[in-house]
Amino acid sequence: MRRRWTVALVAVTASVLAGCTAGGPTTPSRPAIFDRAQVPADILPAEVLGTEDPSTSRYVGEDSAGDRYWAVWGPADTACIVQLPATKPGNYFSFCGGLGISGSDASGVVMEFASAPRRLDPSSSELIGDTLLVQRP
């Protein structure tokens, strides 16, 4: 009798665990900015079009130096940050990864998703929209 209960318990546990993971995300959660529908202002500028999928881009905002930022849902279910510097409009910087990603451009500007900051302190960084922390050197 004890063996039957053990087998049943294992079967129920396996079913519950399979139900929790089946079809569930295998990558970090998408930032909340992707929960809203794309509007015309979200479309990446022509100079940024390239490897990023423009149908997934969302405009984040502009920082105090005039740099503009977009969030893009990238390849392999990764979040990307795209920066278009005000001082070099023909150049852009982008990087992809999970929610805790951060990156620095050539001038030392550090960017990180605000929903899961690991590198930047929100109290000493500029919040762009609700999505991005930016810190200038």
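Here's a check for you: in the stretch 106-118, which residue that is at pLDDT 90 or above and within 17 Å of the chain's Cα centre (by Cα) is farthest from G66 (Cα to Cα)? Going through the qualifying residues, I end up with E112.
What number of residues in the stretch 37-63 are crowded, with 18+ Cβ neighbours inside 10 Å, under 17 Å from the mean Cα position of the chain (by Cα) and of a type outside the set (S, T, N, Q)?
So the answer is 6.
Only one entry in A8, A14, A79 is modelled with pLDDT under 90, part of a helix (DSSP H, G or I) and open to solvent by less than 50 Å² (accessible area, probe 1.4 Å), namely A8. The condition of being part of a strand (DSSP E or B), in contact (Cβ under 8 Å) with a residue 40 or more places away in the chain and under 21 Å from E47 (Cα atoms) holds for only one of A65, A71, that being A71.
The set of residues from the stretch 82-119 being open to solvent by 20 Å² or more (accessible area, probe 1.4 Å), under 19 Å from S29 (Cα atoms), assigned to a strand (DSSP E or B) and of a type in the set (G, A, S) comprises just one member, S102.
Determine the pairs where a residue that is hydroxyl-bearing (S, T, Y), located within the stretch 95-124, has a partner that is assigned to a loop (DSSP other than H, G, I, E, B) with Cβ atoms under 6 Å apart, the partner being 6 or more residues away or on another chain. Final answer for the pair search is S102/R119; S115/P31; S115/L99. Scanning the stretch 120-134 for residues that are surrounded by 13 or more Cβ atoms within 10 Å (Cβ to Cβ) and under 21 Å from R30 (Cα atoms) gives L120, L127, I128, G129, T131, L132, L133, V134.
Among the residues of the stretch 26-72, just one is in contact with a Cys (Cβ under 8 Å, 6 or more places away or on another chain) and either modelled with pLDDT of 95 or more or of a type outside the set (A, V, I, L, M, F, W, C) (or both), namely E52. The residues of the stretch 60-106 that are hydroxyl-bearing (S, T, Y) and more than 16 Å from E126 (Cα to Cα), listed by number, are T78, T87, Y92, S94.
The values are calculated or read from the model by the stated rules, or taken from the named source; none is laboratory data. Please read all numbers here as calculations on a predicted model, not as lab measurements. Counting neighbours? That spans all protein chains shown, and the Cβs are built from the backbone with ideal geometry, glycine included. Side chains included, ligands, DNA and RNA excluded: accessible areas come from the protein's heavy atoms. Shrake-Rupley method; radii C 1.70, N 1.55, O 1.52, S 1.80 Å.
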